[in-house]
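Okay, so here's the structure we're looking at.
The values are calculated or read from the model by the stated rules, or taken from the named source; none is laboratory data. All values reported here derive from a predicted model rather than from experimental measurement. Methodologically, a virtual Cβ is constructed for each residue, glycine included, from the backbone with ideal geometry; neighbour enumeration extends over all protein chains shown. Keep in mind that these areas ignore ligands, DNA and RNA; they rest on the heavy atoms of the full protein, side chains included. Shrake-Rupley method; radii C 1.70, N 1.55, O 1.52, S 1.80 Å.
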Amino acid sequence: MVLENTKPSSKGGLKIDLQNPESVSYWAQVFGLDELDLMMAVRTAGRRPQDVALLLRKPWR
């Protein structure tokens, strides 16, 4: 079983897991969205936070 990082880590592995409520809540807060808007953005841009930031036209670290 492969565990995915849902929060930034020192290894840089980042994914937004829409099946994990903690991940959805965390990333919604990071992007300043409600959870439904985050889910729609992830469905459009994919699970990488960098791609979601690009879609939302928000800076990414």
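Sub-6 Å Cβ pairs linking a first residue in the stretch 37-61 that is among the small types (Gly, Ala, Ser) to a second residue that is outside any helix (DSSP H, G or I), at least 6 apart or interchain, are 53/60, ordered by first then second residue.
Within the stretch 40-61, which residues are on the phi < 0 side of the Ramachandran plot and in a loop (DSSP other than H, G, I, E, B)?
If we filter the stretch 40-61 for residues that are on the phi < 0 side of the Ramachandran plot, which is where we start, we get 40-45, 47-56, 58-61.
Listed by number, the residues that qualify are 47, 48, 58, 59, 60, 61.
For the stretch 27-39, how many residues are open to solvent by less than 60 Å² (accessible area, probe 1.4 Å) and either assigned to a helix (DSSP H, G or I) or at pLDDT below 95 (or both)? Spell out how you get there, then give the answer.
Looking only at the stretch 27-39, we keep the residues that are open to solvent by less than 60 Å² (accessible area, probe 1.4 Å), and these are 27-28, 30-31, 33, 38.
With either assigned to a helix (DSSP H, G or I) or at pLDDT below 95 (or both) added as a condition, the list becomes 27-28, 30-31, 38.
Final tally of qualifying residues: 5.
Residues that are open to solvent by 60 Å² or more (accessible area, probe 1.4 Å), modelled with pLDDT of 85 or more and under 9 Å from the mean Cα position of the chain (by Cα) do occur in the stretch 14-24.
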